[in-house]
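Enquirer: Quick one: the structure is below, questions incoming.
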Amino acid sequence: MVARRQLLALGLDADRVRNQVAAGRWVPRSPRVVSTTTGDLTWQQRCWLGALHAGPRSLVGGLTAAEVWGLERWTRPQVTVLVDDELSFEPVPGISFFRSRRPFQLLASPRAGLPLVRFEPAVLLFAAYEAQPRAGHGVLAASVQQRLTTAARLEEWIDLLHPLRRARSFRRSLVDIGSGAHSAAELTVRRMCRRHRLALPARQTPRVDRAGRRRWTDCEWDLPGGDVLILEIDGSFHLEVEQWSADIRRARRLTSRHRIVVRCTTYELHHEDHEVAADLIALGVPRTRPHDAA
């Protein structure tokens, strides 16, 4: 992949490029970029196409950059390229140009090769400005779970990128994603119960599942009919397949004829607690009187 401006700097003018294209040796991939190979472009070549077409002051960013850094299961068909101008150049199919006013010297990775946004700002800018809220929080959790960064480093970059959309809610999620997930989630459940006038649950109740293994449940309510409702909280979105499978198995083995197990995520507790509360009420969790909830 090579830009026409690069070829011109090497002494290959438009006529020589045209001859190579006419001979079938090169292929024009955009008005500004040609490839010296034929056939379909690879994913890496499409990244270079976007960066070369946008010019020297551009960076591959968003989930495209995150995938280059190693993020898995968040692949998107569009290649994202950050630019700092008014996008006066022609659009390219399959390339999404995202304008940013932030200093590129802060965002740019120092490593040689493809001009790339550093990992933390790549995922944070995607989460803040391109993703739906749930996906934005999810990609932060996945980034930490896949050991590509830490909650502390993401917190530092939230400060560096100030002002950043959704920064406050990202900070709340990062508390859960980090080491304090369990206790933070329990406190959030208590706030939800007080806000929606639900009876406070028993917490960390010991139970023995059908496999004979001792478990501690996150939250429990005794229902009026004598049954027990258990709420299990999935911290850090539980995106890892092995952890997700273990959670499903745990919930199944704790369930019995008189014991119901339901689950929610820490994201729901922070941002959609009214829906969680409504579901708990529908399942029979007792309500409190106004003065009891204070």
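The values are calculated or read from the model by the stated rules, or taken from the named source; none is laboratory data. What you are looking at is a predicted structure, and each value in this text was computed from that prediction instead of being measured. Don't worry about glycine lacking a Cβ; one is built from the backbone with ideal geometry, like all the others, and counts go over all protein chains shown. For the accessible areas, the whole protein counts, side chains as well, though only heavy atoms, and no ligand, DNA or RNA atoms are used. Shrake-Rupley method; radii C 1.70, N 1.55, O 1.52, S 1.80 Å.
Enquirer: DSSP loop GluC sites (Glu not before Pro) in the range 101-202 with at most 14 other Cβ atoms within 10 Å of their Cβ, which ones?
Expert: Values: sites: E130, E155, E156, E186; in loops: E130.
Answer by residue number: there is no such site.
Enquirer: What Kirkwood Rh does the range 48-135 have if only Cα atoms enter the pairwise 1/r average? Answer in Å. Intermediate results must be reported in sequence, preceding the final value.
Expert: On the way: mean 1/r = 0.0770 Å⁻¹.
Across the range 48-135, the inverse of the average 1/r is 13.0 Å.
Enquirer: Normalised by the empirical 2.2 N^0.38 Å for globular proteins, what value does the Cα Rg of the range 1-108 take?
Expert: Here the Cα radius of gyration is 1.13 times the empirical estimate.
Enquirer: Run lengths n ≥ 4 of DSSP H only: what is the helix-derived mean residue ellipticity at 222 nm for the chain, with -39500 (n - 2.57) per run over all residues, to the nearest 500?
Expert: Only helices count here, giving -13000 deg cm²/dmol.
Enquirer: Rolling a 1.4 angstrom probe over the protein heavy atoms, how many square angstrom per residue are accessible across the range 1-103?
Expert: That works out to 55 Å² for each residue.
Enquirer: Next question, about the same structure. At a 1.4 Å probe, what is the % contribution of carbon and sulfur to the accessible area of the chain?
Expert: Here it works out to 51 percent.
Enquirer: Taking only Cα atoms of the chain, what ratio of Rg to Rh do you get with Rh as the Kirkwood inverse-distance radius? If you can, show how the numbers build up before the last one.
Expert: Numbers: Rg = 25.7 Å, Rh = 22.4 Å.
Looking at the chain, the ratio lands at 1.15.
Enquirer: If the only charges are +1 at each Lys and Arg Cβ and -1 at each Asp and Glu Cβ, what is the size of the charge dipole of the range 9-59 around the Cα centre, to the nearest 20 debye? Mind dumping the intermediate values first?
Expert: Values: 7 positive and 3 negative charges, 18 e Å.
Roughly 80 debye, rounded to the nearest 20.
Enquirer: Which residue, E275, E67, E120, has the most motion in a Gaussian network model of the chain that connects Cα atoms within less than 10 Å?
Expert: E275
Enquirer: Which one, G113, V2, L231, projects farthest toward the positive side of the charge dipole computed for the chain from Cβ point charges (K/R +1, D/E -1)?
Expert: Of the listed residues, the answer is L231.
Enquirer: Evaluate the distance, in nm, between pseudo-label points positioned 7 Å from the Cα of A22 and of E72 along their respective Cα→Cβ axes.
Expert: Between A22 and E72, the label points sit 5.0 nm apart.
Enquirer: Separate question: Principal axes first, then extents: for the Cα atoms of the range 127-220, list largest minus smallest coordinate on each axis, whole Å, largest first.
Expert: Each principal axis gives a Cα extent; for the range 127-220 these are 47, 34, 21 Å.
Enquirer: Select from P103, P28, A277 the residue farthest towards the positive end of the dipole of the chain; place +1 on Cβ of Lys and Arg, -1 on Cβ of Asp and Glu, and compute about the Cα centre.
Expert: A277
Enquirer: Testing the spin-label approximation: label points 7 Å from Cα along Cα→Cβ at D13 and R165. State their distance in nm.
Expert: 4.7 nm
Enquirer: Please report the equivalent ellipsoid semi-axes of the range 64-222, computed as sqrt(5 x eigenvalue) of the Cα gyration tensor, largest first, in whole Å.
Expert: Details: eigenvalues 307, 61, 42 Å².
Largest first, the range 64-222 gives 39, 17, 14 Å.
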